[in-house]
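Worksheet: the structure to be examined is printed underneath.
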Amino acid sequence: MATIDNRLLNFILYNYPTKKFINWLLSKNIIIHNQFYKYFLNKKIDSVSKQYKYNPYSLRIENTNICNGQCFMCPYPIMKRSKGTMSKDLYKKIINQAEKLKINYINLHNFGEPLMDKDFSWRVKYAKSKNISRVSTNTNGTLLTPKTAQNIINSGLDELYISLDAFTKKTYQKIRIGLNYYLVIKNINYLINLKKKLKTNKPKIILDFLEFNLNKHETKKFIKYWQKSVDQVCISQIHDWTNKKKLNLGFFANNYVEFSQSPCRLPFTEMLINWDGTVSICCQDIDGEVILGDTNKESITEIWQNEKYQKIRQKHLSLKTNNLKLCQNCKLRTFWWTF
Ligand code: SF4
């Protein structure tokens, strides 16, 4: 459960200059080697890891890994894992456990476009009926038709992250290959207006912009235009999927120093369940190379506490991730301070 004040957290996460400044600051030796900083970070890590020792804080559930796009920065086109959609029975089994374990946050997305799953709204409704207080997803917005928008509102979804990554059609087409810019804009505007008409504040709409060399000239215009009509605009850093995708990381290439200095938070707080029920270490595991369990055969609690998970956590705590598959090449940044 987040202890930091939510307004402050939102400000840090969604205010572009502040987020950029904090990222920059946390890449500086003067901060990460500072004894005070280390002391408070270790205290934070200790308290979060104790709090989620027995069960995860959140579940990321891959309802499907089928996608309708071929985006420039996404490894989906090179994924070797078999494609499919989670069965309703397995999904129910997972959510029923989440309810009992008081896991309050479910993100319905990993690889794939979640709205390709015809049971998407049913899944959200089911999770909400089991008292999961926060259910979110990430979509490319192409399948957010008027009917789906209405279904999503009816389902009780709390947060809808829409990946747009561009302010113009020209840039969009270079990044979100195979998808239709004007259709997505139309769908977003429809949802905004439908929410107004129905006087509902759910789902919260967050527009995502993954900033890198192809679109960074549009960041400011994007923020200025969209922040007036959606709940949040989120600018994030690009990464290279543990070296699997050759991308020009530009400015951010120098900015990834955190894992040599502090553990990654994900193995301590979030469980990732692939569509077939296997548990992967995290969202960087495109092909299921680091499988830690199987929810078809084991409970969430058994997997979370098993030896494989414990070993990975120990390696992170002792900053010896250089022989851990995936982690050794990872450039994704995760923060402890948001807990
Ligand atoms: S370091 Fe990277 S690969 Fe390892 S658990 Fe964290 S996000 Fe995943």
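Once you've got the Cα coordinates, tell me which of Lys20/Lys224; Lys216/Lys245; Lys44/Lys331; Lys220/Lys331; Lys53/Lys297 are over 23 Å apart.
Values: Lys20/Lys224 17 Å; Lys216/Lys245 19 Å; Lys44/Lys331 21 Å; Lys220/Lys331 25 Å; Lys53/Lys297 21 Å.
Too far apart for the 23 Å limit: Lys220/Lys331.
In terms of overall dimensions, the chain has a Cα radius of gyration and Dmax of 19.4, 55 angstrom.
Phi-derived couplings, Karplus 6.51 cos²θ - 1.76 cosθ + 1.60 at θ = phi - 60°, listed residue by residue for region 56-73: x, 6, 9, 10, 9, 10, 7, 5, 8, 10, 9, 10, 9, x, 9, 5, 3, 9 Hz, with x used for Gly and Pro. At a Cβ-Cβ separation cutoff of 4.7 angstrom, cysteine residues of the chain with no neighbouring cysteine are Cys67, Cys234, Cys264, Cys282, Cys283, Cys327, Cys330. In this rough spin-label picture, where each label sits 7 Å from Cα along the Cβ direction, the His217-Tyr190 distance is 3.2 nm. In region 296-339, the ratio of gyration radius to Kirkwood radius, Rg to Rh, stands at 1.04 when only Cα atoms are counted. Determine which aspartates and glutamates satisfy two conditions relative to Lys196: a Cα distance under 17 Å, and not lying fewer than 8 residues away in the same chain. Qualifying aspartates and glutamates at Cα under 17 Å: Asp158, Glu159, Asp231.
Here the Debye sum runs over all C-alpha atoms of region 186-339 as equal scatterers in vacuum, and log10 of I(q)/I(0) at q = 0.10, 0.16, 0.20 Å⁻¹ comes out as -0.51, -1.03, -1.20.
Working note: Karplus 6.51/-1.76/1.60 with θ = phi - 60° gives region 282-292 the couplings 5, 5, 7, 8, 4, 10, x, 7, 10, 8, 9 Hz, where Gly and Pro are set to x. Cα extents for region 1-126 along the principal axes, largest to smallest and rounded to whole angstrom: 50, 40, 29.
Shape analysis of region 90-198 based on the Cα gyration tensor places the equivalent ellipsoid semi-axes at 28, 16, 11 Å, largest first.
Comparing Ile31, Ile238, Ile300 in a Gaussian network model of the chain, where Cα atoms under 10 Å apart are tied by springs, the biggest mean-square fluctuation is seen for Ile31.
Across region 137-184, the convex hull enclosing all Cα atoms gives 70 Å³ per residue. Taking amide H positions as modeled 1.01 Å from N, with prolines and chain starts lacking one, the residues under 5 Å from Thr278 and 5 or more places away or on another chain are Thr295. Each eigenvalue of the Cα gyration tensor of region 165-238, multiplied by 5 and square-rooted, gives one semi-axis; in descending order these are 23, 14, 9 Å.
Under 20 °C and 1.002 mPa s, how fast does region 260-330 diffuse according to Stokes-Einstein, given a Kirkwood radius computed over C-alpha pairs? Answer in µm²/s, whole number.
Details: Rh = 12.3 Å.
Approximately 174 µm²/s, per Stokes-Einstein.
Kindly state, as a whole number, the per residue volume in cubic angstrom of the convex hull around the alpha carbon atoms of region 23-95.
Numbers: hull volume 12.0 nm³, N = 73.
Each residue corresponds to 164 Å³ of Cα convex hull volume.
When the convex hull of the C-alpha atoms of region 81-154 is computed, what volume per residue in Å³ does it have? Numbers along the way, then the final one.
Working: hull volume 6.9 nm³, N = 74.
In region 81-154, the Cα convex hull volume per residue is 94 Å³.
Counting only DSSP H runs of at least 4 residues, each contributing -39500 (n - 2.57), and dividing by the residue count of the chain, the helix-based mean residue ellipticity at 222 nm comes to -11000 deg cm²/dmol.
Every number in this text was worked out from the coordinates using simple rules, so none of it is lab data. Keep in mind that what you see is a predicted model, and the values were worked out from it rather than measured. Neighbour counts are summed over all protein chains in view; Cβ atoms, including those assigned to glycine, are modelled from backbone coordinates with ideal geometry.
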